[in-house]
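Colleague: Sharing a structure with you now.
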């Protein structure tokens, strides 16, 4: 599956998503590695097979083997961290914010790509997973590394569109099943 096929699979009411996918695929505020990696981590975080397949086919070849591994690691580690740190932030008891996490996170220290790229990918996944504490932490590191608000916004725009594409396609698949069941019952 390609990016074009992914766009063709979107219903007409999601035309804005199609247009946004096209424009973000050539986003110039990010380096090719940053852009491709952001698409990959966002697709992985979406958990939708068709979206992952299309994004990997389109953007996987634009990443070195090391960058692909780092992107996968960012999606993986943030899948864990976003849940844990969102809990510590949302729990009423302040005790959890002072306890050590006791979770292995070695890949953050040695991601295999430029630290800023890994942080950008981690921020994109954190935006998808809704962890405010992680978003703040990664955004601070990125700003300290010299990334602009516009560059960070570009990564989050990619994450938001990829996530919306995945949600739309998943919703359409379920709607088709329900429609078939309804027709079978009639």
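Colleague: Under 22 Å from residue 126 (Cβ atoms) and in a loop (DSSP other than H, G, I, E, B): which single residue out of 44, 30, 17, 21 fits that description?
Modeller: Working: 44 fails: in a loop (DSSP other than H, G, I, E, B); 17 fails: in a loop (DSSP other than H, G, I, E, B); 21 fails: in a loop (DSSP other than H, G, I, E, B).
Matching residue, one of 44, 30, 17, 21: 30.
Colleague: Something else now. Here are some residues: 51, 28. Which one is without any contact (Cβ under 8 Å) to a residue 40 or more places away in the chain and at negative phi?
Modeller: The match here is 28.
Colleague: I'd like the full set of residues that are surrounded by fewer than 17 Cβ atoms within 10 Å (Cβ to Cβ) and in contact (Cβ under 8 Å) with a residue 24 or more places away in the chain, limited to the range 169-186.
Modeller: 170, 172
Colleague: Sticking with this structure for a sec: Of the residues that sit in the range 139-168 and are over 16 Å from the mean Cα position of the chain (by Cα) and in a helix (DSSP H, G or I), which one is surrounded by the most Cβ atoms within 10 Å (Cβ to Cβ)?
Modeller: The selected residue is 142.
Colleague: To continue, here is another question. Looking at the range 90-105, is at least one residue modelled with pLDDT of 95 or more, surrounded by 15 or more Cβ atoms within 10 Å (Cβ to Cβ), in contact with a helix residue (DSSP H, G or I) (Cβ under 9 Å, 6 or more places away or on another chain) and part of a helix (DSSP H, G or I)?
Modeller: There is no residue in the range 90-105 that is modelled with pLDDT of 95 or more, surrounded by 15 or more Cβ atoms within 10 Å (Cβ to Cβ), in contact with a helix residue (DSSP H, G or I) (Cβ under 9 Å, 6 or more places away or on another chain) and part of a helix (DSSP H, G or I).
The values are calculated or read from the model by the stated rules, or taken from the named source; none is laboratory data. On a predicted model such as this, the values are computed, not experimentally measured, just so you know. Backbone-built Cβ (ideal geometry, glycine too); neighbour counts: all protein chains shown.
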